[in-house]
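All remarks here apply to the structure that follows.
Readers should treat all values here as calculations from the given coordinates under stated rules, not as data from a laboratory. Note that the structure is predicted; figures quoted are calculated from it, not measured. Glycine gets a Cβ as well: all are built from the backbone with ideal geometry, and neighbour counts include every protein chain shown.
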Amino acid sequence: MIVRYEPWGAWVKLESTAAIVALDRDGVRALGLDGGATWRGPPRSSAPLEVHLAVTSRCGAGCDGCYLDARPDGVEPPRAVIERELDAMRDAGVFTVAFGGGEPTTREDIDVLAAGARARGLTPVVTTSGLGLTEVRIDRLRSFAQVNVSYDGPDATYATVRGFDGAALAERAIEKLARAGIRVGVNVVLTQQSYPRLAETIERARTLGACEAQLLRYKPAGRAATVEYWTRRMRPDQARTLGPTLRALTTAHAGGGVSVRIDCALVPFLSADEELGQDAARLARFGIFGCEAAGALAAVTVDGLVGPCSFAKPSQLRAANLNGGYAVDAELGRWRAYNDAPTEPCASCSLRPVCKGGCKIVASFVTGSHGPDPECPRVLAYAKDRAT
Amino acid sequence: MSDERAFDEQSVRRVRIGSGANCSSIGSVIDTLFATAVTGASIFAAVVAALKAEPIQVVRPGSNDDPLPPPGTREPESPA
């Protein structure tokens, strides 16, 4: 296990089981350890647990809603540059590095970079469109703990999200990865078009060999930051049903089916759930993360700059200076400061300790301010009350 | 070494299962939220067993002479 001291105890990454655990100080002492200066010095902001690393901005898929606005003529940072960034992540105590882009599998050295991440104690994972995933390219992915294929739904549903008919290619990629013995999951972007077919999408992914489905809220960044956003985002009536939908999915896949994950931006939708919306402690205990931008999560752009998350404008901090620089960068600190003390109605919300105010990318696009998530059911109800 | 770790399960404040593999936003497994109490307890029991058995490596990010905390620094005693 890898132990990283925190002011309240330590984060621990286990090796025998894929899990990250928060231990209080007594638990750390039970391991025969002491947090030393981290426990007795002034509290300081911790490094991210997970970094999303753009290893290229090159991609030929041309998805309508690409948050990076990746293009076929995108840039690919030299391997040495990325290796220095991996060094900095190791030194900062990062646990997981998620390779993305652009299409990361177009890099011929992706296997070397993944092995390099492992050698530094990082858990490497990667997301791919699955397009052009030849046997050679699949073989380069064996050092990754998991490979996720973007798969928003079968047949026409995929095209409603990405703007082209790539469902069959993605399905083929999932099958080939599973057959190669690589742990494979799917990323499912939830839009008002894809959400109604979610159960069918996940069942289809299961039959192809996927073991996990990562549900993602559609976010207005990159090519998705247009008026089209309003016709694609989940409708309020759909958002309110997320809790029951998740319950049904996990029941359907209990005992060997697909494991289901939600992303940080979907957590505010749980405020509408009668059971979960009142139980932040339960969400916290099972490690649910809401907006962890500039906290447990950071992103590194192809230009080597650290951002609060992949969708946000990066700070001026260079990834090579992550260790030390992360805690003191003013822009990253601004994000953390808001998440630690969001305004109403988030301030009085029972989910606030986990949700942390919802998605600031959505808020900035929809309202023009770094504030409460305007699509959160509770925020919508609050606004309606104030208007009457 | 495992016998020397008298570990109280109450010290496990949070458990995040799985590695995930998304590169754009941070994900969390939600199966456990809806699991039975027995399943939930078995997850924590497995974690405690691993904590008692695995060899330990400590990472020490930053340095002891870091400046005073900037805006957004969290208070101690609550996991991030």
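For the range A:197-315, what is the charge dipole size about the Cα centre, in debye to the nearest 20, if Lys and Arg each add +1 at the Cβ and Asp and Glu each add -1 at the Cβ?
Working: 15 positive and 12 negative charges, 52 e Å.
Result for the range A:197-315 is approximately 260 debye, rounded to the nearest 20.
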(request) Let me know the charge dipole size of the range A:1-44 about its Cα centre in debye, to the nearest 20, where only the beta-carbon of Lys, Arg (+1) and Asp, Glu (-1) is charged. (result) 140
(request) For A:LYS313, go through the aspartates and glutamates and keep the ones whose alpha-carbon is under 16 Å away, minus same-chain ones fewer than eight residues off. (result) A:ASP69, A:GLU292, A:ASP303, A:ASP329, A:GLU331
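In square nanometres, what is the average projected area of the Cα convex hull of the range A:285-348? Mind showing how you got there, number by number?
Values: hull surface 21.2 nm².
If you wrap the Cα atoms of the range A:285-348 in a convex hull and average its projections, you get 5.3 nm².
Give the longest segment of chain A that steers clear of GluC sites (Glu not before Pro) in DSSP loops with at most 15 neighbouring Cβ atoms within 10 Å, not counting the sites themselves.
Details: sites that count: A:GLU15, A:GLU108, A:GLU228, A:GLU274, A:GLU275.
Looking at chain A, A:109-227 is the longest stretch - no exposed GluC sites (Glu not before Pro) with at most 15 other Cβ atoms within 10 Å.
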(request) Please report how far the C-alpha centroid of the range A:57-125 lies from that of the range B:1-63, rounded to the nearest whole angstrom. (result) 26
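Work out, step by step, the length gained on full extension between A:ALA199 and A:GLU274: first 0.36 nm times the residue separation, then minus their alpha carbon distance; give nm to one decimal. Mind showing how you got there, number by number?
Values: separation 75, 0.36 × 75 = 27.00 nm, distance 2.16 nm.
Result: 24.8 nm gained on full extension.
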(request) Obtain the nm distance between the two label points defined at A:VAL81 and A:ALA330 by a simple spin-label model: each point lies 7 Å from its Cα along the Cα-to-C-beta direction. (result) 2.6
(request) Determine the sum of side-chain charges near A:HIS370: Lys and Arg each +1, Asp and Glu each -1, restricted to other residues whose C-beta is under 9 angstrom from that of A:HIS370. (result) +2
(request) Please compute P(r) over all alpha-carbon pairs of the protein assembly as shown, binned at 20 Å starting from zero, and give each bin as a whole-number percent. (result) 26, 61, 12, 0
(message) Distance between the C-alpha centers of the range A:147-199 and the range A:320-376? Whole Å please.
(response) 30
(request) Work out the length of the dipole vector of the range A:106-173 about its Cα centre, built from +1 on the beta-carbon of each Lys and Arg and -1 on the beta-carbon of each Asp and Glu, and round it to the nearest 20 debye. (result) 320
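How big is the antiparallel share of DSSP beta bridges in the protein assembly as shown, given as a percent to the nearest 5?
Numbers: 21 of 57 bridges.
Bridges in the protein assembly as shown that DSSP calls antiparallel: roughly 35 percent.
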(request) Determine the principal axes of the Cα atoms in the range A:177-251, then give the extent along each, sorted from largest to smallest and rounded to whole angstroms. (result) 41, 30, 14
(request) Answer with one residue from A:GLY255, A:HIS52, A:PHE365: the one whose Cα lies farthest towards the positive end of the charge dipole of the range A:45-387, charges on Cβ with Lys, Arg +1 and Asp, Glu -1. (result) A:GLY255
(request) Treat the count of other C-beta atoms within 10 Å as a stand-in for reagent exposure and order A:THR388, A:THR134, A:THR38, A:THR241 from fewest to most. (result) A:THR388, A:THR134, A:THR241, A:THR38
(request) Could you point to the residue in A:PRO353, A:SER16, A:TYR229 farthest towards the positive end of chain A's charge dipole, with +1 and -1 charges on the Cβ of Lys/Arg and Asp/Glu respectively? (result) A:PRO353
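What ranking do A:PHE144, B:PHE34 get, fewest neighbouring Cβ atoms within 10 angstrom at the top? List each step's numbers first, then the result.
Working: A:PHE144 27, B:PHE34 20.
Lowest count first: B:PHE34, A:PHE144.
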(request) Could you line up A:TRP11, A:TRP230 from fewest to most neighbouring Cβ atoms inside 10 Å? (result) A:TRP230, A:TRP11
